[in-house]
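See below for the structure under consideration.
Bear in mind that the values in this text are calculations on the coordinates, not laboratory data. Because the structure is predicted, anything quoted here is derived from the model rather than measured. Positions of Cβ are generated from backbone atoms using ideal geometry, with glycine treated the same way; all protein chains shown enter the neighbour counts.
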Amino acid sequence: MTKIQATQIFNPEGDDSIQNRSIIKWNITGLFQLNLTKYNWAKSLYQVMIGNFWVPEKVKWLWEDAVQFKKNLSEDEKRAYKWILSFLIFLDSIQTVNLPNFSEYITAPEVNLILAIQAYQEAIHSQSYATILETVVDSHERDAIYYFWRDDKNLLERNTFIGWIYQDFIDNPNDKNLFRGFIANFLLESIYFYNGFAFFDTLASQSKMIATDRMINYIRRDELTHVTIFANIINEVKKEFPEVYDEKMIYEMMETAVDQEIKWSKHILGNKIIGMSQENVENYTKRLSNQRMSLLGLKPIYEEVLINPFKHLDAMQDNNSEKGNFFESTVTNYSQSSSMKGSWDF
């Protein structure tokens, strides 16, 4: 398959006009001409992402979680807390490093702009996990948490799978690998995090580790915008480059992501966390998949899964939603703003 070329840093022969612009494969100058924007959903997301600005220092009382971790969590809860953090640390680490590689092939400056913000947010998430570990977990355990994949074949398998997709694109930048990378980003942001998030919400619903969960809520708020970015990128590729778009690949990769998330979550949670039975974890993941497929305008894979299995989380508010819990919230509102057709100002 023919290689594709990354955008030039500066291309005097480029064309920044809206009528010719496309999400990938256009001959742009390299200038951030943000007064000419084609993708209004990117402008909407820019405002949301800038408005979501936060730093780990904003979350207070983590020291109370440190006391609870030692005195109030069961051994199974401590284990899940540490090893879920290990996977989340990997996900945000790889996103921080890899996003610029994909941004080099995006040919719309308004989209490049929000990808840069996303990379910054992923770095903030990594700092957040470091802050949690420094405050809550004994120092002699921290390295083991960062490198848990060295000892756990399930986590190594997951990390290797994700890393291989990204590395394959870097080594072989072509249409297929680029689109597969976009799907991998979408799945990472929309499926891989969420049983981990649900675990921290479950603890918080029992008045445990409240500060940790508050930090996770900030992170999830960011991740929902990242889901939307890549849903929109995939949808634009579908419209503009049908020869690159591969619906079969989306379905196959979604099924793989769901299977991996279920396997990993069952492995790390067992049936030992109150409120998170293996059946609930499986149904939650499948229902979440159905919601994510709808963002791509595709039919759900698991039509039989209709009910939210985590009823105990109904009262948990997602920071991006004015309506209800994090499970039911959607991200489509980020791409439907009609008030962003002119200025980038707030």
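Points worth noting:
- Convex hull (Cα only) mean projected area of the chain, reported in nm² to one decimal: 17.5 nm²
- Magnitude of the charge dipole, the chain, Cβ model with Lys/Arg +1 and Asp/Glu -1, debye to 20: 360 debye
- Sequence-distant residues sharing a close amide H with I24 (under 5 Å, placed H): T107
- Once the Cα-Cα distance is subtracted from the 0.36 nm per residue extended length, the R150 to K239 segment shows a gain of 27.8 nm.
- Loop-located chymotrypsin sites (Phe, Trp or Tyr not before Pro) in the stretch 49-136, at most 14 other Cβ atoms within 10 Å (DSSP): F53, W61
- Of the residues N159, L288, Q206, the one whose Cα sits farthest towards the positive end of the charge dipole of the chain is Q206 (charges of +1 on Lys and Arg Cβ, -1 on Asp and Glu Cβ, taken about the Cα centre).
- Potential lengthening between Q5 and F161 on full extension [0.36 nm per residue; Cα-Cα distance subtracted]: 53.7 nm
- Cα gyration tensor category, rounded, prolate or oblate, for the stretch 1-104 with a/c compared to 1.5: prolate
- Against the main long axis of the alpha-carbon atoms of the chain, helix 175-187 sits at an angle near 40°.
- Too-long pairs where the Cα-Cα distance tops 30 Å, listed order kept, from K153/K311; K60/K311; K58/K286; K176/K266; K43/K266: K153/K311; K58/K286; K176/K266; K43/K266
- Distances between placed amide hydrogens fall under 5 Å for N174 paired with I4, all partners being 5 or more residues away or on another chain.
- Rg and Dmax, both from the Cα atoms of the stretch 90-144 and both in Å, are 14.6, 46.
- In summary, the stretch 160-222 shows an alpha-carbon radius of gyration equal to 1.51 times the 2.2 N^0.38 Å reference for compact globular proteins.
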